[in-house]
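The values are calculated or read from the model by the stated rules, or taken from the named source; none is laboratory data. All values derive from a computational prediction rather than experimental measurement. Cβ atoms come from the backbone with ideal geometry, glycine included; neighbour counts cover every protein chain shown.
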Amino acid sequence: MTHTTPESMTPLDILIMAAGKGTRMKSRTPKVLQRLAGRPLLHHVLDQAAHLQARSAIVITGHGAIEVEASTAIAASTAGTFDIKFVRQEPQLGTGHAVQQTVPHLTDDGTAVVLSGDVPLTQPDTLRALVQAGAATGALALLTVTLPDPTGYGRIVRNAEGAVQGIVEHKDATDAQRAITEVYSGIMAVPSRLLKPWLARLTNNNAQGEYYLTDIVAMAVADGVPVVAHRITDALQVAGVNSPLQLAELERAHQLRQARALMEQGVRLADPARFDVRDDARTGARGEVLCGQDVEIDVNCVFTGRVELGEGVSIGAHCCIANARIAAGAVIHPYTHIDGEKAGATVGEGALIGPFARLRPGAQLGREVHIGNFVEVKNSTLADGAKANHLAVPGRRHRGRARELRRRQHHRQLRRRQQAPHRDRGGCARGQQLRAGGPGDHRGRRHGGRWQHHHQEHRARGAQRGPRQAGEHCRLAAPQKAAQGLTLHGVRPPCLKTT
């Protein structure tokens, strides 16, 4: 099947440079697999190829090639809209050398779009406009941007008429050329039939001793091929990642952009700078928050995967919500953790959740359900009005009415009271024997049933012989217990005085 775009009417082959080591990242993980908004940088670039309806994506790997190729193959199989191919650049001798490795996979009928694996936020509309600019005249199209501080970038050199004449890398530029603020972003679109002979003519006669891809611009000018520059003003779209600081700055800029988009839809964010939407690497779900009217979100909330918030939903501070649907009017109190994973989690209308509650996969809560602090729900359905106010784990069950849940919780509390150790204020000598590890040391297991036997026997003897001094029943019982060979393993029996 041939993939074409309406703008170019020619197949697109995306060339992604992902061979760099990323020394400044100081990480064992290859740079292109560092995560932005929950997903590797390279996966964001693959999304761009999918949006362009590319025929193929050719990923140029080098450092960490096995890891990069494995991760990329999984992501491409999920997208399933283009063919994925890999080529190795070993050793790494520059951007031109990297693209040279793709020549065997390029056909003359296509347009090659060169992208960088560490530039994740280029918008599909920007790339479409770039392809269209080159397709109109069969030209070499460059994506450029004006930066207040262009240090490190290749400068766009124009003649007196404003036509692009070439790109000069920063280390090879003169002082006059370094004053230029229009820079090359590293992204270009060029007909493959022109690209291949230009790549064959590249040399490494420069300060770096590398093969620069940007040298093909001067070749195009010399061959009379038009060179067009599609200039944008949004520097975030062409921002790359070379250090943890740059990755963090790009993360915050990306999240702030998403926060502003939600606020334009009417969502109330307490602080747009403390808000995160992330893709779910476990399920492959893209980060997406769908909100009704009058939704309020407090600070430091993280949304992962697809999250739906109904009208009037209120999300408290420091909540983590993933793959969940929260119906209208629900209130999620602070520090609540909702993670539906693949099964999903649902909160009904008017429900009150938290604080410090946890909803796990399969949690299905009806209308006006109350889930209190330190309650965990998994694979359970709680019907309308059900309440689990604190310290409960209603997992893998179906809760009928609110009355039933309250009854079960009440019975659990009664059982705890019945099993709780009885305190003896008389200074039980039996306790002294146990603490000393002396004869009859029978540290009983709390729930093994032997405490009850011990306690009931003492009660029966007390009824037969009448009242005794505090602790006396334990002293009388100890020799008999030893004679019967009965020992209680674990914690102290209930007749002991606790210290």
Going through (1) within 30 Å of residue 106 (Cα to Cα); (2) in contact (Cβ under 8 Å) with a residue 40 or more places away in the chain; (3) touching a helix residue (DSSP H, G or I) at 6+ places or on another chain (Cβ under 8 Å); (4) not aliphatic (A, V, I, L, M) one by one, residue 203 fails only at (2)
Sole exception among (1) free of Cβ contacts under 8 Å to residues at least 12 places away in the same chain; (2) not in a helix (DSSP H, G or I) for residue 148, by number:
(1)
Could you figure out which of (1) closer than 30 Å to residue 206 by Cβ; (2) within 33 Å of the chain's Cα centre (by Cα) isn't true of residue 123?
(1)
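Pick from the stretch 191-217 the residues that are of a type in the set (A, V, I, L, M) and surrounded by fewer than 17 Cβ atoms within 10 Å (Cβ to Cβ): which of them is modelled with the lowest pLDDT? Show your work before the answer.
Of all residues in the stretch 191-217, those of a type in the set (A, V, I, L, M) come to 194-195, 199-200, 202, 207, 213, 216-217.
Pick out the ones that are also surrounded by fewer than 17 Cβ atoms within 10 Å (Cβ to Cβ) and you get 200, 207.
On the way: 200: 94, 207: 81.
Residue satisfying both the conditions and the ranking: 207.
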Go through the stretch 20-36 and report how many residues are assigned to a loop (DSSP other than H, G, I, E, B) and within 27 Å of residue 283 (Cα to Cα).
5
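Mind checking which residues of the stretch 218-231 are surrounded by 15 or more Cβ atoms within 10 Å (Cβ to Cβ), of a type outside the set (Gly, Ala, Ser) and within 41 Å of the chain's Cα centre (by Cα)? So that I can check it myself, show each step before the final result.
Here is the first cut: in the stretch 218-231, the residues surrounded by 15 or more Cβ atoms within 10 Å (Cβ to Cβ) are 218-221, 225-230.
Now drop any that are not of a type outside the set (Gly, Ala, Ser), which leaves 219, 221, 225-228, 230.
227, 228, 230, listed by residue number.
Mind listing just one residue for me: the one in the stretch 81-104 that is under 30 Å from residue 204 (Cα atoms) and assigned to a strand (DSSP E or B) and, of those, nearest to the chain's Cα centre (by Cα)?
Initially, the stretch 81-104 is screened for residues under 30 Å from residue 204 (Cα atoms), giving 84-104.
With the extra rule that they be assigned to a strand (DSSP E or B), the set shrinks to 84-88.
Numbers: 84: 24, 85: 26, 86: 26, 87: 28, 88: 29 Å.
Within the stretch 81-104, the match that is nearest to the chain's Cα centre (by Cα) is 84.
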Just a yes or no: is a residue in the stretch 80-101 touching a residue at least 40 places away in the same chain (Cβ under 8 Å), in contact with a His (Cβ under 6 Å, 6 or more places away or on another chain) and closer than 18 Å to residue 59 by Cβ?
no
Residue pairs qualifying under the 7 Å Cβ cut-off, at least six apart or on distinct chains, with the first in the stretch 219-235 being farther than 23 Å from residue 181 by Cβ and in contact (Cβ under 8 Å) with a residue 12 or more places away in the chain and the second being acidic (Asp, Glu) and loosely packed, with under 13 Cβ neighbours inside 10 Å, are none
Looking only at strands (runs of 3 or more DSSP E) that fall completely inside the stretch 251-368, which ones have 2 or more residues that are within 26 Å of residue 384 (Cβ to Cβ)?
288-291, 301-309, 320-326, 337-339, 345-347
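Name every residue in the stretch 37-57 that is part of a strand (DSSP E or B) and crowded, with 21+ Cβ neighbours inside 10 Å, in order of residue number.
Start the filter on the stretch 37-57 by keeping residues that are part of a strand (DSSP E or B), which leaves 39-40, 56-57.
If the condition is that a residue be part of a strand (DSSP E or B) and crowded, with 21+ Cβ neighbours inside 10 Å, then 39, 40, 57 are the ones that fit.
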Pairs, first free of Cβ contacts under 8 Å to residues at least 40 places away in the same chain and under 16 Å from residue 299 (Cα atoms) in the stretch 315-342, second outside any loop (DSSP other than H, G, I, E, B) and among the polar types (S, T, N, Q), C-beta under 8 Å, six or more apart:
320/304; 321/304; 331/314; 332/314
Odd one out for residue 311 among (1) farther than 16 Å from residue 290 by Cβ; (2) surrounded by fewer than 19 Cβ atoms within 10 Å (Cβ to Cβ); (3) among the charged types (D, E, K, R)
(1)
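Among the listed residues 107, 122, identify the single one that is among the hydroxyl-bearing types (Ser, Thr, Tyr), more than 15 Å from residue 17 (Cβ to Cβ) and either part of a loop (DSSP other than H, G, I, E, B) or touching a Leu at 6+ places or on another chain (Cβ under 6 Å) (or both). So that I can check it myself, show each step before the final result.
Working: 122 fails: more than 15 Å from residue 17 (Cβ to Cβ).
So the residue among 107, 122 that is among the hydroxyl-bearing types (Ser, Thr, Tyr), more than 15 Å from residue 17 (Cβ to Cβ) and either part of a loop (DSSP other than H, G, I, E, B) or touching a Leu at 6+ places or on another chain (Cβ under 6 Å) (or both) is 107.
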Specify the residue that is modelled with the highest pLDDT; the eligible residues are those in the stretch 276-304 that are within 27 Å of residue 47 (Cβ to Cβ) and in contact with a Ser or Thr (Cβ under 6 Å, 6 or more places away or on another chain).
278
